[in-house]
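S.K.: Next up is a structure, given as structure tokens.
The values are calculated or read from the model by the stated rules, or taken from the named source; none is laboratory data. Computed from a predicted model, the values in this text were never measured in an experiment. A quick note on method: Cβ atoms are made from the backbone with ideal geometry, for glycine too, and the neighbour counts reach across all protein chains shown. Please note that ligands, DNA and RNA were not included when accessible areas were found on the heavy atoms of the full protein model with its side chains. Shrake-Rupley method; radii C 1.70, N 1.55, O 1.52, S 1.80 Å.
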Amino acid sequence: MAVCIAVIAKENYPLYIRSVPTQNELKFHYTVHTSLDVVEEKISAVGKAMADQRELYLGLLYPTEDYKVYGYVTNSKMFRKLHNSFTDVMCNPFYNPGDTIQSKAFDGMVSVMMVQAS
Amino acid sequence: MAQCVQSVHEFIQDSFVPMVAVLCSEDAEKVTRKNNLNFSELLRPFCRLTSEGHMRDPNNQVQVVKNLRISVNNVVTRPSVPASGTPSLAQRLLLSEVVSTCQPAEGGVANVITAGDYDLNISATTPWFEAYRETFLQSMPAADHEFLNHYLACLLVVSSSEAVPVEKFLKLSQEQHRIQHSGEYTNPKWFIPNTLKYYVLLHDMSQGDEHRADSVYEDMKQRYGAQGCYLLKVNSRTAAAGADEQIPDPWSQYLHKSSLQNGSLVNSLDSTHPLQLDTSGDTPGSLDALRAVAVETKAGTAAAAAASHGACLTLNDHDRIRQFIQEFTFRGLLPHIEKNIRQLNDQLVSRKGLSRSLFSATKKWFGGGKVPEKSIAELKNTSGLLYPPEAPELQIRKMADLCFLVQHYELAYSCYHTAKKDFLSDQAMLYAAGALEMAAVSAFLQGGAPRPYPAHYMDTAIQTYRDVCKNMHLAERCALLSAEILKSQAKFSDAATLLIKMTSEVSGDCDLRSALLLEQAAHCFINMRNPMVRKFAFHMILAGHRFSKAGQKRHALRCYCQAMQVYKGKGWSLAEDHINFTIGRQSFTLRQPENAVSAFRHILTNESQQASSQQAAFLREYLYVYKNVTGVCDVALPQLPLPYINSSATRVYFGHERRLAEGEKQAATHVSLDQEFDRDLAAMWRDLEEQVVASANRGVVPATFQATQCCLNSQTDNLRFPLAVVEEPIIVEVVFRNPLKVPLVLSDVSLLWKFTLKDFSRPQDAAVGDALAFSNEKETLARLKLLPHQTGQLNILGLVYNLASTPSTGGTTVSSSAALKSDGPSPADGTSVRGRQDLEIQGPRLNQTKEEKTSVSHGPDRRLDPTITPPMPLLEVFFLQFPTALLCGEIRKAYVEFCNVSGVPLCGLRVVSTHPDFFTFGSSSLATPLTPLSPTSFENCSAYKTLATPPGATPGSVAAVTLVSAGDFGLGEGGSGTSNGVAEIPLEDRVLKPGQSTQLPLWLRGPDHEGVHEINFLFYYESAVKGGKISHRVLRHTVFICASRSLCVRATACRSNTLPEEEAEEEDERRNGSMLVFVDVENINTNEAGVREFHIAQVSSSSKQWRLHRCINPAEDKDCKLNSRERGKLCFRATRCKPVQGTIMTSIEKYIFADLSLGNEQIISSTTPCADFFFRRCPPSDSRRPPVAVETQGRLSRSQGAGPGGGAEDLTSLVRKCNEVDLDIIVLWKAFVVEDNKQVILEGQLHVALQTIGKEACSLTQKEEAQEMVLLKFKPELPPPMTRPSMEQLSHLIKTNLHYPESYRHPFIHKSLCLVPVTLTLSNCSLAQVDVIIDLRHKTTSPESLEVHGSFTWLGQTQYKLQLRAQEVMRVPLRACFLHAGVYNLGTPRVFAKLADQGAMCETSQQTATPALIIIINDT
């Protein structure tokens, strides 16, 4: 299960970010932000080879001592759900692309994916 | 890694240099002391050799030694550092001191790195890291497993001034031997048993005998050989002569640093707690020793602080020293090393074949051949394995080190490689790791490297050092070297990983190291081919964190600031806030309060996403920091960021706040800050003001007119400086917004202003502010009052207030509903800071010219810059008994009180209203005294002035007539159209003195339409003292009146065909004719509860020409009472008044009021309330008619002589005129209303204006008119076409009347012809001359004439052609002749009329349709 889920805009600012142990939010933010370097690296590397059929799965981005950071994957149900939910958000005519995501449905979906903090 | 000053090769070479010990005699020490230096220090700047040296390797190959540096140190026999592998406390302190003193230069070189969207400003070099590294490597204790920093040689220094220098040399030599071989000392460590001893004779040029020195040197040469000794001559210069000569000081860069280190080190040592020393696990001795050294050097440097180093040395001396070093190195040290390498090589070669097999064999036999199975865990046991110093295993390592030191890296590598294998097979892990490390380094350093750099060697070495040997010190060194090498090979990623690995463990002691390494790792990330900005930033933050843990605040701050560049403004608000918060804290502790404040401000002002508790913490911290900042410098109040002030929403109000009611009195509403600004209303008030100003200035609005604005806001016109009056408050309303989730408490809010005195009047004392306090949640208003005491220019600049968070005591979180604390400064429980915020209002955007349209420029906004003017009168208006609901047309009397509350007399009081017909103050010129009785005495009295009707008179018969001029009622003086809404208020003496108040009666009349009416009054007044900046002042009042329906009056006028019957009537009156007026009154009141019934008390008329004559109602006073929905009809005769009355005073037209009372008292309609409302009725009858009609009479006389020049327009109006009546009917009523079980009589009046005969007029003007939409017309409207007067209109020119007896008896028997005299009266209704043709000829073709039995004939002249002057009545005697008895219609004469000067075109028959029947009776 995930402890932190973040949707990051193309320009690398967070559209949505949520983590379960809320007291450690800052740390997760830092981790996510730092992982973006790897995402950028991977994307630019792939982009040269085959721009069209780019694999969406970026795999392990950044292992820290406690957690592993994954890039967007399609081969797991979890990420597909997230993707679908994100697509729904994007399809909302009232959503302004680039704004932070404030959707209850998306929130709920993410909550399901999260570690249930006891 | 950041760029370094040294190249990698330089760095590694300098890390491992040959070590030379110094033993110095006391005299020699004295010689060098003259320069504030000891011997080793004296040599230090010259220890790098500039020329190349040569040596031969064991294979007799010449090896070039380039750029060699040697390290010369005094022999210190005390053990400096225990070989525990962890840095000692002293060492740590030293390192931390080195790092903290080395700070980036202010405004130093920073290179901008562009990576993706990021432009980062990063310091290119990290000198603190290099300093750390250098110090770290230098302070490495000599280890047993390696020889690189063991002493290779020893300089024995003796002064030439010594009595027997040779003996001294001997002594020193013995000393050295003792130190090395006695076993008393573990320190220092020596490389080779037979250490090179080099004998140096130091000669002081300024003191000693040079010849003697030379001779001693010769002796030494004999004794030790020319290559083993040296004569060094120094101190050529006398200290006294040094002042005027400038000699470069090469020592400073070496010694300054070290002395500083030592000096501050002592301080830091002294400040440390002794207990801490004990717990640190250091041997106290070492610390004491270090301290002793430090004190020693400190004392030295303290003395030296004044005099610089090397004061007795000339440049020649410098050269000599340099030469000495070179000589020593090339003639002494290098050959010594060469020799040793050769020896070692020989030993090894001789042993080679045997040793390996022997060793391994013995090991197999004795050790059980357990090498391959051994895991790392088991290997740990062997980490403590120590070879004896002379163990053969170490010889190869020793040789390798020697080779390395003289830059023979190939040989060194192979030796290290071999040694590594040996050590590994021996499970001597520490030794193996050392060998691996050096093998890797030498592999890297090989020129034109045949083999790649074996990075895995390094990794293994580091791992071994760290995990097996637990020697972090060595691991760190290894990592530093490796990272530097990797960096040089552009393997930044590997270098970063390596560095991060070194920091990953969390042992609190190594914060400084971790910080530095993390920072270097961050630099690695940014230097990658694809710069990893975010990793850089993250590691910078980690580094900053460790720095701050290590107490390196400055570095921590720098790291955070650099990381900030990446996070800033990218939406990572949580991280951004965290960084800002840390920056704020660090800046604060570093006494950079400005930075701290700005960082905190960032957290608070950016729309914070933090939780409220976090925000509260931030706020508290901010306030605390802020307080300290302001405590330091309280010269100018600093700007506070919170709460936000919506500057443009600021409103400024001039004047006192109004009391709305005072007892029964109801004050004028005026303007208050509580009202919202309404553009339409503002325009309406402006119009009113313009009207009243125009009337005050004889109909002209002055060019400088500016509408009074009492309350300025963002929508008002703020281009001019507003005018405020001295001693009248200025209230500023400021809108605050709190962006935080935590409440803020503002207290002691006051305005900040600047006042410039201007000489409007004599100076007075200065103005003072105010105090106001409140707590704040989301958006709050604050009103601040300023009371100017002097005239001049005031500028309101901003606000000053105390800002505090809510005290954190329990239960205050619910303080959203403004916990008002108005008493004084806030209690001391929360920190509060005093600061200011400026009010800067941007004016409206200019959009006039093209330039303004294309650019964005804003106009000025002068809201906050009022000019204080001398005192002006101030009026207060109160209303008494002012109703809120009225019936339509109801008359009510109320009172107004005018109060001059200022110290200046007031005059020119006027009032203008949107509904001028709603009220009247009465007419001043009337003789009726204005009764200033108390209003209570008038209760239940009629508002009208009444007279009891004479008892004998029948109601409705007598019409009292009064003549009144319109001018008496304040109308008509300025001409027809202007200033209709303005009324002057009749004040006594026309002036209201200071403090004086007057009560005036005010009559109100309910509006004609039902509904709620908003009625606006604008009182205008001037100062009796002229010449002020403010020409006038105004006071606004708005009332809402609810009008309900009362009566509806319809009236019609009919021409009466009959002539007045009374013989007594005067000729004139008869000629003028009369009219019938039907008045139809309907009770349309729908409010059943209130009004019981209406009584029509009186009907009055008002006209210039007509008056009501008498009531000719068939039924007596039955119609006077009207219940709900009842309708009554009244019928009156009206007569035209004598023209004489109208013409006597032609200049002022008089209105004739005629009262027909239906009750028992007559209301004098020509007096105040009634006539006032009649004249105030909107619009007055004069302006309703085209102006032509007014002048007709004058024109008529002129046009009589004139030809047919008069246009059709003239004609039309003439013709119309004759159909016009100008009669206004005033219906006065009383309503009986039950109110609170009490019957109240209400009075009222309704007006009906009759204009045209036969046309119905109604008291209720048609609603449609008002509601009709005005069509937008784009084409200019065509002038109405010239219309001829219609036939119908023309037919009313002449009124005809036949006068004859109703029946006529005639004896036909006696006389067959019956002659009846008939008089035809012709009356010209028009004001023009009319030609009339009367045709009596029988041409009746109408069927009705056939019905008439028989016919008759007119006798005599059958055709008359007459001319009738205006309004002339003419009688034409006619005779009719009848032959038989019977009924005849006499109405056969046909009358044609045309206007005299219009030719035939307008001729028309003036047939009266009514038959005139006559009965002829045969009188037998």
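S.K.: Applying 1/(1 + (r/R0)^6) with R0 = 60 Å to the Cβ-Cβ distance of B:Leu1379 and B:His1009, what FRET efficiency is obtained, to the nearest 0.05? Can you show the working numbers first?
M.R.: On the way: r = 65 Å, r/R0 = 1.09.
The pair B:Leu1379/B:His1009 has a calculated efficiency of 0.40.
S.K.: For the pair B:Glu840 and A:Tyr13, what calculated FRET efficiency results from E = 1/(1 + (r/R0)^6), where r is the Cβ-Cβ distance and R0 = 30 Å, to the nearest 0.05? Intermediate results must be reported in sequence, preceding the final value.
M.R.: On the way: r = 31 Å, r/R0 = 1.03.
My answer for the efficiency is 0.45.
S.K.: Leaving ligands, DNA and RNA out of it, rank B:Cys1314, B:Cys102 by accessible area with a 1.4 Å probe, largest first.
M.R.: Values: B:Cys1314 0, B:Cys102 30 Å².
Most to least solvent-accessible, the answer reads B:Cys102, B:Cys1314.
S.K.: Now for a different question. What ³J(HN,Hα) values, in whole Hz, does the Karplus curve 6.51 cos²θ - 1.76 cosθ + 1.60 give for the range A:4-18 when θ = phi - 60°, with x put for Gly and Pro?
M.R.: Going residue by residue, I get 8, 10, 9, 10, 10, 6, 4, 8, 6, 10, x, 7, 7, 8, 8 Hz, with x marking Gly and Pro.
S.K.: What is the set of long-range amide H partners of B:Cys154 at a cut-off below 5 Å, with H atoms built 1.01 Å from backbone N?
M.R.: Amide H to amide H, under 5 Å and 5 or more residues apart or across chains, B:Cys154 pairs with B:Ala21, B:Leu196, B:Lys197, B:Tyr198.
S.K.: Each residue of the range A:99-104 in turn: what ³J(HN,Hα) in whole Hz from Karplus with 6.51, -1.76, 1.60 and θ = phi - 60°, glycine and Pro shown as x?
M.R.: Those phi angles translate into 7, 6, 7, 10, 10, 5 Hz.
S.K.: Long-range amide H contacts for A:Ile17: which residues qualify at under 5 Å (H placed 1.01 Å from N, peptide plane, sequence gap of 5 or more or a different chain)?
M.R.: A:Val7
S.K.: Shifting gears a bit: Want the number for B:Arg212 to B:Gln848: 0.36 nm per residue separation, take away the alpha-carbon distance, what's left?
M.R.: Values: separation 636, 0.36 × 636 = 228.96 nm, distance 10.18 nm.
Additional length available on full extension: 218.8 nm.
S.K.: How far, in nm, would the chain grow between B:Phe1232 and B:Glu167 when pulled straight, counting 0.36 nm per residue and subtracting the alpha carbon separation?
M.R.: Values: separation 1065, 0.36 × 1065 = 383.40 nm, distance 14.67 nm.
That pair, B:Phe1232 and B:Glu167, stretches by 368.7 nm at full extension.
S.K.: Could you calculate the contour length gain from B:His9 to B:Ser1312, that is, 0.36 nm times the residue separation minus the distance between their Cα atoms, to one decimal place in nm?
M.R.: Values: separation 1303, 0.36 × 1303 = 469.08 nm, distance 16.77 nm.
Length difference between fully extended and current span is 452.3 nm.
S.K.: Under a plain spin-label model, where a point goes 7 Å from the Cα along Cα-to-Cβ, how far apart in nm are B:Arg451 and B:Thr589?
M.R.: If labels sit at B:Arg451 and B:Thr589, their model points lie 4.8 nm apart.
S.K.: Right, here's the next one. Using the Karplus equation 6.51 cos²θ - 1.76 cosθ + 1.60 (θ = phi - 60°), what ³J(HN,Hα) coupling, rounded to whole Hz, does each residue of the range B:31-43 give in order, writing x for Gly and Pro?
M.R.: Per-residue couplings from phi come out as 4, 6, 4, 4, 9, 6, 9, 8, 5, 5, 5, 4, 7 Hz.
S.K.: In the structure displayed, which of B:Lys754/B:Lys1026; A:Lys27/A:Lys68; A:Lys10/A:Lys81; B:Lys993/B:Lys1026 lie more than 18 Å apart, Cα to Cα? It would help to have the intermediate numbers written out before the result.
M.R.: Details: B:Lys754/B:Lys1026 29 Å; A:Lys27/A:Lys68 13 Å; A:Lys10/A:Lys81 20 Å; B:Lys993/B:Lys1026 15 Å.
Beyond 18 Å: B:Lys754/B:Lys1026; A:Lys10/A:Lys81.
S.K.: May I pose another question? Could you compute how much accessible surface A:His83 exposes when probed at 1.4 Å, giving the result in Å² to the nearest 10?
M.R.: Rounded to the nearest 10, the figure is 70 Å².
S.K.: Which entries of B:Lys501/B:Lys535; B:Lys1104/B:Lys1150; A:Lys104/B:Lys741; B:Lys189/B:Lys470; B:Lys470/B:Lys549; B:Lys398/B:Lys420 have Cα-Cα distances beyond 18 Å here? List each step's numbers first, then the result.
M.R.: Working: B:Lys501/B:Lys535 15 Å; B:Lys1104/B:Lys1150 6 Å; A:Lys104/B:Lys741 22 Å; B:Lys189/B:Lys470 22 Å; B:Lys470/B:Lys549 23 Å; B:Lys398/B:Lys420 12 Å.
As for pairs spanning more than 18 Å Cα to Cα, those are A:Lys104/B:Lys741; B:Lys189/B:Lys470; B:Lys470/B:Lys549.
S.K.: Assuming R0 = 45 Å, what is the FRET efficiency of B:Tyr624 and B:Tyr185, from their Cβ-Cβ distance, to the nearest 0.05? Present the calculation step by step, with values, prior to reporting the outcome.
M.R.: Working: r = 56 Å, r/R0 = 1.24.
Once the sixth-power term is evaluated, E becomes 0.20.
S.K.: Moving to a separate point now. Put B:Ser857, B:Ser1259 in order of accessible area, largest first, 1.4 Å probe: what do you get?
M.R.: Final ranking, largest accessible area leading: B:Ser857, B:Ser1259.
S.K.: Counting only residues 5 or more places away or on other chains, whose amide H sits under 5 Å from the amide H of B:Glu1368 once H atoms are built in the peptide plane?
M.R.: B:Asn1324
S.K.: Follow-up question, since we're still on this one. Just read off the accessible area of B:Thr914 with the full protein assembly in place, 1.4 Å probe, to the nearest 10 Å².
M.R.: It works out to around 50 Å².
S.K.: Another question, if that's okay. Let me know the mean shielding of B:528-535 by other chains, meaning the per-residue number of their Cβ atoms within 10 Å of its Cβ.
M.R.: Counting Cβ atoms of other protein chains within 10 Å of each residue's Cβ and averaging gives 5.
S.K.: Which value, in debye to the nearest 20, describes the size of the charge dipole of the range B:522-564 about its Cα centre when Lys and Arg Cβ atoms bear +1, Asp and Glu Cβ atoms bear -1, and nothing else is charged? Walk me through the intermediate numbers first.
M.R.: Details: 8 positive and 0 negative charges, 15 e Å.
For the range B:522-564, the charge dipole is close to 80 debye.
S.K.: Kindly rank B:888-899, B:425-436 from highest to lowest mean number of other beta carbons found within 10 Å of each residue. Could the numbers behind the result be given before it?
M.R.: Values: B:888-899: 21.6, B:425-436: 25.1.
Answer by packing, highest mean first, reads B:425-436, B:888-899.
S.K.: Taking beta carbons within 10 Å but only from partner chains, what does the mean come to for residues B:1386-1395?
M.R.: Per-residue shielding by partner chains comes out at 0.
S.K.: Let me ask you something else. Tell me, how many Å apart are the Cα centres for the range B:680-733 and for the range B:784-801?
M.R.: The range B:680-733 and the range B:784-801 have Cα centres spaced 21 Å from each other.
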